[in-house]
Amino acid sequence: MKITVFGSTGPLGMELIKQALEAGHAVVAFARSIEKLSHLTHERLDIIKGDLSNRTEIERAVTGVDAVISLLGPKGKIMNTELSDGVNIKS
């Protein structure tokens, strides 16, 4: 199975990636800050640098996968609307 993970740079996202790879799955990790994933290397891991405001990057991350898991969530006080804007991209 091939899985895309949004929220891949958080503690839960990194653990999910690790466990999915150990279970034999292929993983696409979508991240704004790919340097946070630099310690993760695996032949079945693809890391896509992207932003929730960019529909093309999101489509690239989910094309050809079997499942999409979102672990997106706020951290601390919310100072912007990036998360809510990202899930409301219009066609």
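The numbers here are math on the coordinates, done by the rules we state, and not lab data. Note that the structure is predicted; figures quoted are calculated from it, not measured. FYI the Cβ positions are ideal-geometry reconstructions off the backbone, even for glycines, and counts take in every protein chain you see.
Amide H contacts of residue 71 (H built 1.01 Å from N, in plane; Pro and chain starts excluded): 6, 7 sit under 5 Å, all sequence-distant by 5 or more or on other chains.
Could you tell me the calculated FRET efficiency between residue 23 and residue 43, based on Cβ-Cβ distance and R0 = 25 angstrom, to the nearest 0.05? Write out the running numbers ahead of the final one.
Numbers: r = 15 Å, r/R0 = 0.59.
Using R0 = 25 Å, I get an efficiency of 0.95.
Using the 10 angstrom Cβ neighbour count as an exposure proxy, how do 46, 51 rank, fewest first? Please report the intermediate quantities before stating the final value.
Numbers: 46 16, 51 12.
Placing the least packed residue first, the sequence is 51, 46.
Within the range 1-59, the trypsin sites (Lys or Arg not before Pro) that combine a DSSP coil assignment with at most 14 other C-beta atoms in a 10 angstrom radius are 32, 44. Here 42, 25 are placed in order of increasing Cβ neighbour count within 10 Å, fewest first, which gives 42, 25.
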